[in-house]
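The values are calculated or read from the model by the stated rules, or taken from the named source; none is laboratory data. Bear in mind that the values here come from a model prediction, so they are computed numbers and not experimental data. In this analysis, Cβ positions are derived from the backbone assuming ideal geometry, glycine residues included, and neighbour counts consider all displayed protein chains. In case anyone asks, the SASA skips ligands and DNA or RNA and just uses the protein heavy atoms, side chains included. Shrake-Rupley method; radii C 1.70, N 1.55, O 1.52, S 1.80 Å.
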Amino acid sequence: MEDPRPGRLNAIDVAVITNAPGEVAGWVTPFCRSMHRRNGAARIWIFLTPCPFSTGHEMGIARQLPGVSGVFTPSQTISFILSGKRPRGFDAALKGIVAHLGGDFWYSARISKRLGFRAVAYSDRSATCISSFEAFAVEDERVRDKLAAKGVRPDAIQVIGNLMIDGVKPSLEKNEARAAFGIGNDEKCVLLLPGSRPKIARYFVPFLLEVARTMKSVDRSVKFLYSVSPFIMGGESPGYLIRHDLDMEQVKPEERFNAMVACDLAIALPGTVTAELAVLGTPMIIAVPLRHWDVVPLPGIFGLLGAVPGIGRAMKYLGVKWALQKVKYLALPNKRARKYIVPELVGKVSPQDVAIAGLELLQDHDRLGGISKELRDVMGPPGASERLVDMVLEIAARSTEE
């Protein structure tokens, strides 16, 4: 059936379903860039879904991506699924495609059915609602084999690589970046990354500042930068990060990849940022001090029970304990390698513990170089976003011809 609206016959409408900061930054961003570059007529509609890791700033950041015509809140997404009433401003054509880029596969399956669009999913782990998807793009052969074991047709699975790699775009080479941040040839620079979730950053920032003070007390020549995620306060520094007695420079959100290139070492929480650092070959220490374990977001049943008055705190504690026992590796490059390429300090960890680990690494040039090479190798080559766009355009074209 043709779209009766004039000027729309060559347009492509892509409904992207996603959820958390990591997916918006690491998956949706490179996909939108590639889609807009390849097909400027494409209109991208982003449907956010409920997520315990959401910061509330996903909508504002998604709106700035190229080719995006509209972004809808989790409540609008659920309302559309349940009632069929389109959100205000959503006027997608009669034919288009759904691209699942994060969150529960059920949301993408239901929106695909509501719109009558075929659906494509990207997965770095596994999948559900398999029959609702025309094709699956997967990160590697390991995920491909998992999906095949679940009953997905082998010809419906395509290995495209890691989407996060294409989202990392520094504008400067290492020497240029170091000069831009005033880092001398003989200086060592440490980048502090307090994460993308305000509740956690409120406690992790003082921890990082104490790490920096300890390192400075031992080696005055170490320079520090800190980078605030654009998902925290819309990219503006919260007061608890501004107030400190250290001589360190805040990196603008748009310059964070240049800061990663410039520094010799980063200290961060687990998350997408560990993949970004790995793509650039930047050694890192992952620190997870659990003194304030009650602010850690949890998915699934523990996340729901953690919000119940009376039993919530106990359920949250059990959930965090269970998660730490189940998950062996927290940093994404460590997960991919199935070994500890970079150190992970978890649990009863003090700022002094992290500072000592950081100073030891900075003094071991050969180890830093070895870590850098391993990180680059384990993340793989770029190009996943282009391959995903190829799949989307091919399926969209078949839909238009029918």
**Study point:** Full-extension gain in nm, ASP364 to VAL346, via 0.36 nm per residue minus C-alpha separation
**Key:** 4.2 nm
Check your understanding: Using alpha carbon centroids, what distance separates segment 98-145 and segment 343-378, in Å?
Key -> 36 Å
Review point. Residue by residue, what Karplus-based ³J(HN,Hα) values in Hz, rounded to whole numbers, does segment 330-336 have, using 6.51, -1.76 and 1.60 with θ = phi - 60° and x for Gly and Pro?
Key: 9, 6, 4, x, 5, 4, 5
Point to revise | Low-density loop cleavage sites - trypsin sites (Lys or Arg not before Pro) in segment 98-173, where at most 13 other Cβ are within 10 Å (DSSP) | key: ARG125, LYS150
Revision key, fill the gap. With a Förster distance of 30 angstrom and the Cβ-Cβ distance between ARG338 and MET59, calculated FRET efficiency to the nearest 0.05 equals 0.25
Check your understanding: Once you put a point 7 Å from the Cα of ASP145 and another 7 Å from the Cα of ARG37, both along the Cβ direction, what distance in nm separates them?
Key -> 3.3 nm
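Find the percent of Cα-Cα distances in segment 83-204 that exceed 22 Å, and round it to a whole number. Walk me through the intermediate numbers first.
Details: 4276 of 7381 pairs.
I get 58 percent for the Cα pairs in segment 83-204 exceeding 22 Å.
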Practice item. Pull out a ≥ b ≥ c, the square roots of the eigenvalues of the alpha-carbon gyration tensor of segment 34-108, then state rounded if a/c is under 1.5, prolate if not and a/b is larger than b/c, and oblate in the remaining case. Key: oblate
Review point. Say each of GLU249 and ALA397 gets a label point 7 Å from the Cα, pointing the same way as Cα to Cβ; how far apart are those two points in nm?
Key: 4.7 nm
Check your understanding: Quick one: how many Å² of SER171 are accessible to a 1.4 Å probe, rounded to 10?
Key -> 90 Å²
